[in-house]
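The values are calculated or read from the model by the stated rules, or taken from the named source; none is laboratory data. Since we're looking at a predicted model, the values are computed, not measured. Neighbour counts are summed over all protein chains in view; Cβ atoms, including those assigned to glycine, are modelled from backbone coordinates with ideal geometry.
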Amino acid sequence: MKFTVDWLKNHLDTKFNNNQIIDKLTNIGLEVESFESSASELDTFIVAKIINAKTHPNADRLKLCDVDIGSDKTIEVVCGAPNAKNGLLTVYAPPGSIIPKNQMKLSVSKIRGVTSYGMLCSESELLLSNESDGIIELKNNKYANKIGEQYFKNTSEKVIDLSITPNRPDCLGVRGVARDLSAAGAGKLKINKKSNLKYRGNQNINVTIKKEKVQGCTTFGSCLIKGVTNKESPKWLKDKIKFLGQKPISAIVDITNYVMFDLNRPLHAYDADKIDNEIIVRSSSKGESFEALDNKKYILENDMCVISDRSGVLGLGGIIGGARSGTEYSTKNILLESAYFLPRSIRKTSKQLNIDTDAKFRFERGIDPLSIEEGLIKASELIKQICGGEISNLDVKKIENYKKTIINFDPFLFEKTTGFNVTNKELIKILEKLGFNVSKNKKFLKLVVPSWRPDITQSIDIVEEIVRIKGYEHINTSEPVKTRLKPTLNYYQKLFHFLQRSVASKGYLETVTWSFTDSKINQLFKENDEEIPIVNPISSDLNVLRNSVFPNLIFYLKKNLDRGFKDISLFEIGPAFKGKNPGDQLTVIGAVRAGKVSRLSWNDKERIVDTFDVKKDVIQSLCEAGIDKDDIVIDDKTPSYYHPGKSGGVYQNKNEKNALAYFGEIHPNIIKKLDIKTEGLVIFEICLDYIKETKQKIKDLKSEYKFSDFQKSERDFAFIINKNFKSQELVNIIKSVDNKLIKSVRVFDVFEGENIPEGKKSIAVNVTIQSEEKTLNENDLDNINKLIISSVESKSGAKIRS
Amino acid sequence: MSDIKKIKDDYIDKLNTENNVDKVNNIKSELFGKNGIISNEFKKLGSISVEERKKLASDLNNIKDELQNKISIKIQEIETKEINLKLEKEKIDVTLPERDIEIGKIHPVSQVIDEISSIFSEIGFSVEEGPDVENEYNNFTALNTPDNHPARDMHDTFYLDNNKELLLRTHTSPVQVRTMLKGKPPFKIIAPGRTYRSDSDQTHAPMFHQVEGLHIDKNIHMGHLKGCLNYFIKEFFEVDKIKMRFRPSHFPFTEPSAEVDIGYEIKNGKIVIGEGDKWLEILGCGMVHPNVLKNVKVNSSKYQGYAFGIGIDRLGMLKYGINDLRAFFETDYRWLSHFGFDPLDVPSNYRGLSR
């Protein structure tokens, strides 16, 4: 919503200066986006200095000038002026500028094979004089410090641009803004002059609002203006239209626009001679069409509110008029329309047809239904004044009467909501200035809501009006109430926090990527999940919700590899979507690690990252987050994007259905398909939702402290065992021999090849044996050793290596 | 006597010039071995008179002590010298690089979420969450934004179906709805999380983060709202004074509604929060609309309260001087290393919000 202070003062008697008005507008909720001179075509012309003028390589009479225009780099401009020389201060017009003399728009062009970015101007080209022999020479003392600044001062009146919230249609007109300001003490709302317009004759084009199942129009007011001379608008009107950022068209169109912005009362002018007999306001039928004033043809659906005559659709009521009945300079007789259309209907139609106009914007938010006559009168007066003509009586057809909104307001609600008090007297004064009709009814105030405020329907709306006008600075700042209703974080939120920081502490950089991804990459990671397309994606490569964190992580890993980074550890914690319904999502950590460990180290041997690097990271993180390492069971079944032989799943115990984590090398096919260039790529993922909540607090988990001071013994064993036999199982067999005595089992060597039969491997373990009751003698130890060997041999088919 | 004195002086001289432990040990046995010179002198004591014996024994003992002392000092001296020599040879270049340090980082968005949670935790808020995919009702209708309401145009929504029933939440406010529907007042929650709108340019990303706040109780009014946000802003920006402005605005789900600006100025090209005469909009808030309370089955004649929504990314940008919102989500290794936080930097009350 744009207007000038002068325009505002047509409606407001005020002693406030511009800045006070701007502040007041902001303080009452009419946010000022900007307060600036309206842009002028001359704004682009700037003071410049020729740094270096040399002869054009292909034309002796042209010069190639390096021009300083106040930015980092100089600009190269081809110039034919004889006076172009080093050090000259002159006026530069960049591409896009419109040269005042010939109204030509400059573009970047090649002049004799050299590209010229803009132009250096002569006085004649800028309409400053007839001097056209050379470019302007600016005086050094005046302009030397102004390189890069506008040459022409913009003297046009400053325009206020308000961002009006959707609840305030009344402030889409200058008068509404003035009313709000007056209520807030910024002046007095001027009383509209009573019209002394003389009416002649009747509006004899018959208007019917058809009774329909769906009728988007409730009132249609009109008058005929006969014998007008349409023409260019006078300067004052043209200026107003320009302030709005619009182009003047003709007096009649400009007047209807002006009244719309002045009173927030959209109008439409028809060339009365182009109307076929009568006006019928009705609902459209599917397939009807018309050509609108924007020169587009619209094909209508059922139940759109149209203004039609006997020949068909003239326009879409409250949205856009039709070309067939539009006014022109030759128009002699006008039918002026001022109607009320239902917001719902306007919104639906304009959405279906994708039309946005100033009228639509206003009707959609709700126009004052009682402003029909006021609009007709104001516009008619102006038309008569500028274009002449005779005005018929006003004709208003209605199928529904306006119903007043009445609110019984309890003033106590104000204090209850805002925490401070205003007197009833002040409260009433504010409401009356806003246009409410106030009467007292015991402890309540009976309020008649003004017809231009469709947003006000209940008591809380009244509270807002009063506090807004009174000023939010009156609200006290109460100390925060520190009462706590429950713990800040629940178990899973804490887990999120722990795991996030524990993974980061393993050297991974946390990233945050989109929740959507490219379906082509997602495809590689989605397993059996359903694809979840976005109906209106921001771009075709972000067209589905991610089923996994990896599509994005791998995509960005590749980008970083392409940037020249070799050793990269990245992770993200966030949602992975498993279905398209709310809640069909899991919280997961995905982590990737690429490159080498100890690259270019002077003392350690460098090696490619491997499965056991990420296995350590994932297990350690889980332990840090509170999972007991002794409970963890590893399995070798993993999703298909993992290397089938070099990956594993982590379970919280052996009966668990869902793996809470996976780790391993990524499948070589994926690396190939996505063309990832790295020496090694290993990943892991943790699904937080699959971690079982422990109800016990840590204080309950700390059990009695037990330890043994009796001598412990260590024994080494080496077994020859089937190659596929899992070390985890071997360890479990050994531990189960005597859970009490065997304190730990450590695999310290795995070996295949020389001296080991085909299909077998050698595993060497170190077993720590310690009793809590006594020092074990040789005999005891021998027994245990024998038991270990026999158990392993019988349960696993292994043979002890002698 | 003069004999043994002479012996002593000779050996002291010998020991003084000796630099080899083995040789010192040889001297030791030469003197004190089974047939050592001093040992032999002691043996002689039995064959002399009592008078002489007493004198000689005392002299001998003194000489013995002196020599033994000398020997052990000498051995220690030589050993120390040898160790020092050995260590000198073992010297390494300690300025060679250590084994690789792997430094992980926490993303600024996560850090800011933790900072926010820590601050609100101090005044009794707990953290709630909601799904990223929402239904139309929770995201709009329940929040007093019916389909025919122009306020819907303020949110460019991503949809998951053609009926526009399922969508990516455009704000964290649906968590309010979920929280109130599943519980009973009072409510005192914040809900940080991802939010989505289908526009994208330098200052808008299709995904961003918000934190929702909701406090519903019997007598919660706008003064509490102001107090709560004033506290939060001051704590968050870690400044003593903050210039803050509540300005009327409109959101369908709150009434009265406000936008909050904070004062700032540009000093040496950097934004300084809390001073100056420029205003920066940082959040929207208001008293929860009675229609919303009705939709979530809270009796609005008994309970009332406030809600607010803050852009997390923007807060982070302001606090940590980050210029480009899009960079948050582009996973540039350099950017993550530069703006990321050490995992041990856990924002807390007693240790401070940030280092």
Looking at the structure I just gave you, is A:Gly574 outside any loop (DSSP other than H, G, I, E, B) and under 20 Å from B:Val175 (Cα atoms)? yes
Residues of region A:61-88 satisfying the condition of being of a type in the set (A, V, I, L, M, F, W, C) and either surrounded by fewer than 16 Cβ atoms within 10 Å (Cβ to Cβ) or outside any strand (DSSP E or B) (or both): A:Ile69, A:Ala81, A:Ala84, A:Leu88
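Test of understanding: among A:Ile686, A:Ile691, which residue is aliphatic (A, V, I, L, M) and at pLDDT 95 or above? Working first, answer last.
Numbers: A:Ile691 fails: at pLDDT 95 or above.
Matching residue, one of A:Ile686, A:Ile691: A:Ile686.
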Among the residues in region B:236-251, are any part of a helix (DSSP H, G or I) and closer than 27 Å to B:Pro108 by Cβ? yes
What is the one condition in (1) over 23 Å from the mean Cα position of the chain (by Cα); (2) surrounded by fewer than 22 Cβ atoms within 10 Å (Cβ to Cβ); (3) within 11 Å of chain B (Cβ to nearest Cβ) that A:Asn536 does not satisfy? (1)
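Is region A:253-260 home to any residue that is part of a loop (DSSP other than H, G, I, E, B) and either crowded, with 23+ Cβ neighbours inside 10 Å or out of contact with any Leu (no Cβ under 9 Å at 6 or more places or on another chain) (or both)?
Pass one, region A:253-260, residues part of a loop (DSSP other than H, G, I, E, B): none.
No - not one qualifying residue is present in region A:253-260.
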It is to be established whether one or more residues within region A:561-568 are under 40 Å from the mean Cα position of the chain (by Cα), within 8 Å of another protein chain (Cβ to nearest Cβ), surrounded by 14 or more Cβ atoms within 10 Å (Cβ to Cβ) and under 19 Å from A:Leu688 (Cβ atoms). no
Restricting to region B:30-51, name every residue that is closer than 17 Å to B:Lys8 by Cα and outside any helix (DSSP H, G or I). B:Gly33, B:Asn35, B:Gly36
Name the residues in region A:463-500 that are in a loop (DSSP other than H, G, I, E, B), more than 7 Å from chain B (Cβ to nearest Cβ) and within 25 Å of B:Lys226 (Cα to Cα), would you? A:Gly471
A:Ala504 vs (1) surrounded by fewer than 18 Cβ atoms within 10 Å (Cβ to Cβ); (2) closer than 29 Å to A:Ile627 by Cα; (3) facing another protein chain (nearest Cβ under 7 Å): all pass except (1)
Given the condition closer than 28 Å to B:Tyr196 by Cα and at pLDDT below 90, answer yes or no: does some residue in region B:326-339 qualify? yes
Flagged in region A:30-60 as more than 12 Å from A:Val159 (Cβ to Cβ), touching a Ser or Thr at 6+ places or on another chain (Cβ under 9 Å), at pLDDT 85 or above and surrounded by 15 or more Cβ atoms within 10 Å (Cβ to Cβ), in numbering order, are A:Leu30, A:Glu31, A:Phe45, A:Val47, A:Ala48, A:Lys49, A:Ile50, A:Asn52
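Please go through region A:113-125 and pick out each residue that is surrounded by 13 or more Cβ atoms within 10 Å (Cβ to Cβ) and assigned to a loop (DSSP other than H, G, I, E, B).
So the first thing to find is which residues in region A:113-125 are surrounded by 13 or more Cβ atoms within 10 Å (Cβ to Cβ), and the list is A:114, A:116-125.
If the condition is that a residue be surrounded by 13 or more Cβ atoms within 10 Å (Cβ to Cβ) and assigned to a loop (DSSP other than H, G, I, E, B), then A:Tyr117, A:Gly118, A:Cys121, A:Ser122, A:Glu123, A:Ser124, A:Glu125 are the ones that fit.
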Can you list residue pairs whose Cβ atoms sit under 7 Å apart, with the first residue in region A:542-558 being of a type in the set (D, E, K, R) and the second being part of a helix (DSSP H, G or I)? Count only pairs 6 or more apart in sequence or on different chains. A:Arg546/A:Asn522; A:Arg546/A:Asn552
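Does region B:19-34 contain any residue that is in the same structural domain as B:Thr80 (by TED's automatic domain parsing) and over 24 Å from B:Glu79 (Cβ atoms)? Break it down into steps so the answer makes sense when it comes.
Taking region B:19-34 and keeping what is in the same structural domain as B:Thr80 (by TED's automatic domain parsing), we get B:19-34.
Checking which are over 24 Å from B:Glu79 (Cβ atoms) leaves us with B:34.
Yes, that holds for at least one residue.
So if I check each of B:Gly274, B:Gly223, which one is within 11 Å of chain A (Cβ to nearest Cβ) and among the small types (Gly, Ala, Ser)? Even if it seems obvious, please write down each step before you answer.
Values: B:Gly274 fails: within 11 Å of chain A (Cβ to nearest Cβ).
Step by step, each of B:Gly274, B:Gly223 is checked, and only B:Gly223 is within 11 Å of chain A (Cβ to nearest Cβ) and among the small types (Gly, Ala, Ser).
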Need the failing condition index for B:Asp93 against (1) in a loop (DSSP other than H, G, I, E, B); (2) touching a residue at least 24 places away in the same chain (Cβ under 8 Å); (3) more than 9 Å from chain A (Cβ to nearest Cβ), just the number. (2)
Being surrounded by fewer than 19 Cβ atoms within 10 Å (Cβ to Cβ), of a type outside the set (A, V, I, L, M, F, W, C), more than 14 Å from chain B (Cβ to nearest Cβ) and more than 30 Å from B:Glu136 (Cα to Cα) narrows it down to one of A:Gly626, A:Gly649, so name that one. A:Gly626
Out of all the residues in region A:312-325, is one or more under 32 Å from the mean Cα position of the chain (by Cα) and basic (Lys, Arg)? no
Report, by residue number, each residue of region A:453-462 that is at the interface with chain B (Cβ under 9 Å from one of its Cβ atoms) and in a helix (DSSP H, G or I). A:Ser459, A:Ile460, A:Asp461
With respect to A:Lys699, determine if the residue is free of Cβ contacts under 8 Å to residues at least 12 places away in the same chain, within 27 Å of A:Val503 (Cα to Cα), loosely packed, with under 14 Cβ neighbours inside 10 Å and touching a helix residue (DSSP H, G or I) at 6+ places or on another chain (Cβ under 9 Å). no
Lone qualifier among A:Lys351, A:Lys403, A:Lys398 - being more than 38 Å from the chain's Cα centre (by Cα) and free of Cβ contacts under 8 Å to residues at least 40 places away in the same chain: A:Lys403
Please report, ordered by residue number, the helices (runs of 4 or more DSSP H) entirely within region B:268-355 with at least 1 residues that are within 24 Å of B:Met244 (Cα to Cα). B:312-320
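Out of curiosity, is B:Glu82 part of a helix (DSSP H, G or I), within 30 Å of A:Asn603 (Cα to Cα) and assigned by TED's automatic domain parsing to the domain that holds B:Val24?
Considered against the rule, which asks whether it is part of a helix (DSSP H, G or I), within 30 Å of A:Asn603 (Cα to Cα) and assigned by TED's automatic domain parsing to the domain that holds B:Val24, B:Glu82 comes out as yes.
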Please find, within region A:413-429, the residue that is farthest from the other protein chains (Cβ to nearest Cβ) out of those that are buried (at least 21 other Cβ atoms within 10 Å of the Cβ) and either at negative phi or among the charged types (D, E, K, R) (or both). A:Leu427
Scanning region A:507-522 for residues that are more than 7 Å from chain B (Cβ to nearest Cβ) and hydroxyl-bearing (Ser, Thr, Tyr), which turns out surrounded by the most Cβ atoms within 10 Å (Cβ to Cβ)? A:Thr517
What residue, among those in region B:226-239 that are within 7 Å of chain A (Cβ to nearest Cβ), free of Cβ contacts under 8 Å to residues at least 40 places away in the same chain and of a type outside the set (S, T, N, Q), is farthest from B:Leu353 (Cα to Cα)? B:Lys226
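Select from region A:1-44 the residues that are of a type in the set (D, E, K, R) and part of a loop (DSSP other than H, G, I, E, B) and list them in ascending order.
Here is the first cut: in region A:1-44, the ones of a type in the set (D, E, K, R) are A:2, A:6, A:9, A:13, A:15, A:23-24, A:31, A:33, A:36, A:41, A:43.
Within region A:1-44, just A:Lys15 meets the criteria.
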